[in-house]
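Written below as structure tokens is the structure these notes are about.
The values are calculated or read from the model by the stated rules, or taken from the named source; none is laboratory data. Note that the structure is a prediction, hence the values are computed from the model and not measured. Here the Cβ positions follow ideal geometry from the backbone for every residue, glycine too, while neighbour counts run over all protein chains shown. The accessibility values were calculated without ligands, DNA or RNA, using every heavy atom of the protein model including side chains. Shrake-Rupley method; radii C 1.70, N 1.55, O 1.52, S 1.80 Å.
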Amino acid sequence: MRLDECQFWCWFASNAQRLRHALSEAQEPDEIFPVVESIRQQLQLYDHRLHPVIGLGEDDQPELIITAEGDAHAFRSVFELMKAAPKLDDWRVIPLKPRMGSCDGFRSIEIDGAELNIDETRFVMATSGARIELAILVVDHTDDQAESYRFMALALVECLIGERDLATRIECLDVVRLSDFERVTGHDGWPIRDLAAALPPVILH
């Protein structure tokens, strides 16, 4: 069975209050999983490339982010779904993971024993037309930690500049040991906290 845009929103609107209650009652991250899974099952009947991210905004309003997990080919599907969205009093719906612009409140990211300290993370970039090559400079790490550092760097960049800009404007993203970069180039790039300012959003008309 496949759902069209109206069928998905009909289901969501019918369950919005129940989902909001379940989200507000959750005490632990694991308790949110049934809410996410319920939305995911319906969303993927519309398009299997799309996924939900849920949480509470600063005003405690429940938020549903519909993400394509960086698959630019699925962005149109997200926007078509959003065009059909009804007005929902209980939920704020956001297309694609938004640009946060800053790392305020975050000091580090940890995965499998590897830690990406935001204050120690740097970047350099080169532009070619509208496309950008980006290198994230991270502290020294072992080769078997390289994949963890790449995952953390991607997550951080996506948080700073948003899912759309990461997918459509970044031609290449490399993760480089800071000491290697300094040895070859003689400088250490710029603080990762300045990335969003260095890469302002494209205004769509």
Task: One residue from I39, I65 being among the β-branched types (V, I, T), in contact with a strand residue (DSSP E or B) (Cβ under 8 Å, 6 or more places away or on another chain) and under 30 Å from C172 (Cβ atoms) - done: I65
TODO: Kindly establish whether T127 is open to solvent by 70 Å² or more (accessible area, probe 1.4 Å), of a type in the set (S, T, N, Q) and either assigned to a helix (DSSP H, G or I) or free of Cβ contacts under 8 Å to residues at least 12 places away in the same chain (or both).
DONE: yes
- [ ] Look at the range 131-153 and say how many of its residues are under 20 Å from V202 (Cα atoms) and either in a helix (DSSP H, G or I) or open to solvent by 40 Å² or more (accessible area, probe 1.4 Å) (or both).
- [x] 2
Task: Selected residue [in contact (Cβ under 8 Å) with a residue 40 or more places away in the chain, acidic (D, E) and surrounded by fewer than 19 Cβ atoms within 10 Å (Cβ to Cβ)] from D180, D188 - done: D188
Open item on the list: With the structure loaded, tell me whether E80 is surrounded by 12 or more Cβ atoms within 10 Å (Cβ to Cβ), among the acidic types (D, E) and at pLDDT 95 or above or whether it fails that test.
Closed with: yes
TODO: Considering (1) out of contact with any Lys or Arg (no Cβ under 9 Å at 6 or more places or on another chain); (2) surrounded by 13 or more Cβ atoms within 10 Å (Cβ to Cβ); (3) touching a residue at least 40 places away in the same chain (Cβ under 8 Å), say which one V175 fails and leave the rest.
DONE: (1)
Open item on the list: Suppose we keep only residues that are under 17 Å from the mean Cα position of the chain (by Cα) and of a type in the set (D, E, K, R) within the range 84-98. Which one would you say is most open to solvent (accessible area, probe 1.4 Å)?
Closed with: R92
Open item on the list: Of the residues P86, P95, P62, P52, only one is touching a Ser or Thr at 6+ places or on another chain (Cβ under 8 Å) and touching a residue at least 24 places away in the same chain (Cβ under 8 Å); which?
Closed with: P62
Open item on the list: When the residues of the range 83-109 are narrowed to those that are of a type in the set (A, V, I, L, M), part of a strand (DSSP E or B) and at pLDDT 95 or above, which ends up farthest from L166 (Cα to Cα)?
Closed with: V93
TODO: Report, by residue number, each residue of the range 35-52 that is assigned to a helix (DSSP H, G or I), surrounded by 13 or more Cβ atoms within 10 Å (Cβ to Cβ) and not aromatic (F, W, Y).
DONE: V35, V36, S38, I39, R40, Q42, L43, Q44, L45
- [ ] Filter the range 56-77 down to the residues that are open to solvent by 20 Å² or more (accessible area, probe 1.4 Å) and assigned to a strand (DSSP E or B), then identify the one that is farthest from L166 (Cα to Cα).
- [x] L56
